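Only one structure is covered here, and it is reproduced in the block below.
The values are calculated or read from the model by the stated rules, or taken from the named source; none is laboratory data. Keep in mind the model is a prediction, meaning the values are calculated, not measured. Cβ placement follows ideal geometry from the backbone for every residue including glycine, while neighbour counts extend to all protein chains displayed. Heavy atoms of the whole protein, side chains included, go into the accessibility calculation; ligands, DNA and RNA do not. Shrake-Rupley method; radii C 1.70, N 1.55, O 1.52, S 1.80 Å.
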Amino acid sequence: MIPPGRLVVVVNVGDDDDVYGVRVCPDLDTVLYTLAGIEGGAGWGIVGDSFSRLAALEREGVDTWFRLGDRDFEQCGRRTDLLAAGVPLSKVTAELADDLGVAATVLPATDHPVRTRVRTSDGWLAFQDYFVRRGHRDDVAELDYAGAAVAEPAPGVVEALAAADLVVVAPSNPPLSIWPILAVPRIREAVAAAPRRVAVSPLFGGRALKGPADRVMARLGLPPGNAGVAAAYEGLITDLVVDEGDATDVTLARDGLAVHAADTRIAEPNAAARFARWLVA
């Protein structure tokens, strides 16, 4: 049972992969490290981490295309061992969160394997091949969330959504990071049933601060700018928050969708706290 008023974060697992013999869950770890206050400056990994294990692999001739620090290796190694022992990913994540002192409840969207696949001019690619190895330079023609159709929501996901007064869709890449969650049966319906569903746009002047969100959305036929974000969540959200620099986009408001402008260019925890207080007010 999740205590009332507790923050619950439901996280994409479509990016997960096995790298260097360990299970890497990039989105789950980024959320855990961020909530623990130890996230790396680039938005991934652990601040101040060393890379001695990666250097050892390089000396052995291994192609170290995926950067993984020593503490990250330790986290992923523990996850790998627990999964191999039959512990579901949701329980593994809870243990790792406890070890890091994370107070929020962090849940993978599902305990079942879901893998995002990306079709480019070179055919279908595993997500990390597309995103990291090839630097997300390829044009995306199609996406597939392999395994999602037969997956079940992780324990607590649907219950948390059903109890929520507010569901916030984070300012992440809609097709690559949010749609894989919504592709798991019953999750989209649970989100849609919440009384207030707010998406925060990842775009500024029609572009993402980092990553390929705007390019991917355009290649998949979504309208440019924040109109594309609204279309990505059409029929699902009640509110869309855009950056104050895009305040004219409040004209996107229509029946069933309110549009608000705020300072969403958040670079440090105090600004994030102010934004969060404004959002839940």
> What's the angle, to the nearest 10 degrees (0 to 90), between helix 269-280's Cα axis and the longest principal axis of the chain?
Replying inline: 40
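Share of region 146-281's accessible area from carbon and sulfur, percent, 1.4 Å?
Numbers: 3680 of 6530 Å².
Of all accessible area on region 146-281, carbon and sulfur atoms account for 56 percent.
Working with all protein chains in place, sort Ser90, Ser121, Ser52 by solvent-accessible area computed with a 1.4 Å probe, largest first.
On the way: Ser90 15, Ser121 115, Ser52 70 Å².
Correct descending sequence by accessible area is Ser121, Ser52, Ser90.
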>> Given bins 10 angstrom wide, list per bin the percent of all Cα-Cα distances in region 1-152, short to long.
In response: 10, 36, 37, 15, 2, 0
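Provide Phe73, Phe275, Phe131 ordered by accessible surface of protein heavy atoms (probe 1.4 Å), highest first. Walk me through the intermediate numbers first.
On the way: Phe73 5, Phe275 30, Phe131 65 Å².
Correct descending sequence by accessible area is Phe131, Phe275, Phe73.
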> How much of the accessible area of region 1-127, probe 1.4 Å, is carbon plus sulfur, in whole percent?
Replying inline: 53
> Can you pull the Rg over Rh of region 146-281, Cα-only, Kirkwood?
Replying inline: 0.96
> Mind checking which of Pro269, Pro108, Pro202 has the largest fluctuation in a GNM of the chain, springs on alpha carbons under 10 Å?
Replying inline: Pro269
>> Can you give me the angle between helix 89-100 and the longest principal axis of the chain, using Cα atoms only, in degrees from 0 to 90, rounded to the nearest 10?
In response: 80
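Taking every pair of alpha-carbon atoms in region 34-107, give the share separated by more than 14 Å as a whole percent.
Details: 1800 of 2701 pairs.
Everything past 14 Å amounts to 67 percent.
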> What's the Cα-based Rg to Rh of region 205-260, Rh via Kirkwood?
Replying inline: 0.95
>> How large is the direction-averaged shadow of the alpha-carbon convex hull of the chain, in nm²?
In response: 14.9
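For region 109-207, what does the accessible surface come to per residue with a 1.4 Å probe? Please give it in Å². List each step's numbers first, then the result.
Numbers: 4390 Å² over 99 residues.
For region 109-207, the solvent-accessible area averages 44 Å² per residue.
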> Hey, what number do you get for the chain at 222 nm if only DSSP H runs of n ≥ 4 count, each worth -39500 (n - 2.57), divided across all residues, to the nearest 500?
Replying inline: -9000 deg cm²/dmol
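What is the dipole size for the chain, taken about its Cα centre, with +1 at each Lys and Arg Cβ and -1 at each Asp and Glu Cβ, in debye to the nearest 20?
On the way: 27 positive and 39 negative charges, 61 e Å.
Result for the chain is approximately 300 debye, rounded to the nearest 20.
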>> Kirkwood hydrodynamic radius, region 70-201, all distinct C-alpha pairs: what's the number in Å?
In response: 16.5
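GluC sites (Glu not before Pro), restricted to region 1-101: which are DSSP loop and have at most 15 other Cβ atoms within 10 Å? List each step's numbers first, then the result.
Details: sites: Glu39, Glu58, Glu60, Glu74, Glu95; in loops: Glu60.
Taking region 1-101 and a limit of 15 other Cβ atoms within 10 Å, the loop GluC sites (Glu not before Pro) found are Glu60.
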